[in-house]
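Report on one structure; see the data block that follows.
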Amino acid sequence: MKARPLNEIIFPIRAEAEDAVSALVERVCGRSPSIYQNAETGDTRVSVFCEADGEALEAMRCEVAKELA
């Protein structure tokens, strides 16, 4: 079986929203996301790797973005 490439979706967020956004990303993408915070700048992001591509990947991005709006 040939391995499918993984794509990363990154969501820049406020640090205080990391738990809620992580749960949302996990629900939408079906995978546990990672949370990264830059110690120097304080920038925080939630990211997830998934096998989806094209329209499916964009649909996941849009669903998360819609929920965050």
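The values are calculated or read from the model by the stated rules, or taken from the named source; none is laboratory data. Quick caveat, the model's predicted, so the values are computed rather than measured. Cβ coordinates were reconstructed from backbone atoms using ideal geometry, including for glycine residues, and neighbour counts include every protein chain displayed. Note: areas computed on protein heavy atoms with side chains; ligands, DNA, RNA excluded. Shrake-Rupley method; radii C 1.70, N 1.55, O 1.52, S 1.80 Å.
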message = Condition first: free of Cβ contacts under 8 Å to residues at least 60 places away in the same chain and part of a helix (DSSP H, G or I). Can you find one or more residues in region 8-15 that meet it?
response = yes
Filtering region 43-64 down to residues that are free of Cβ contacts under 8 Å to residues at least 40 places away in the same chain and either within 8 Å of the chain's Cα centre (by Cα) or open to solvent by 40 Å² or more (accessible area, probe 1.4 Å) (or both) yields Asp43, Arg45, Val46, Ser47, Gly54, Glu55, Ala56, Glu58, Ala59, Cys62, Glu63
Taking region 1-22 and the residues there that are under 10 Å from the mean Cα position of the chain (by Cα) and surrounded by fewer than 16 Cβ atoms within 10 Å (Cβ to Cβ), the one that is nearest to Ala69 (Cα to Cα) would be Pro12
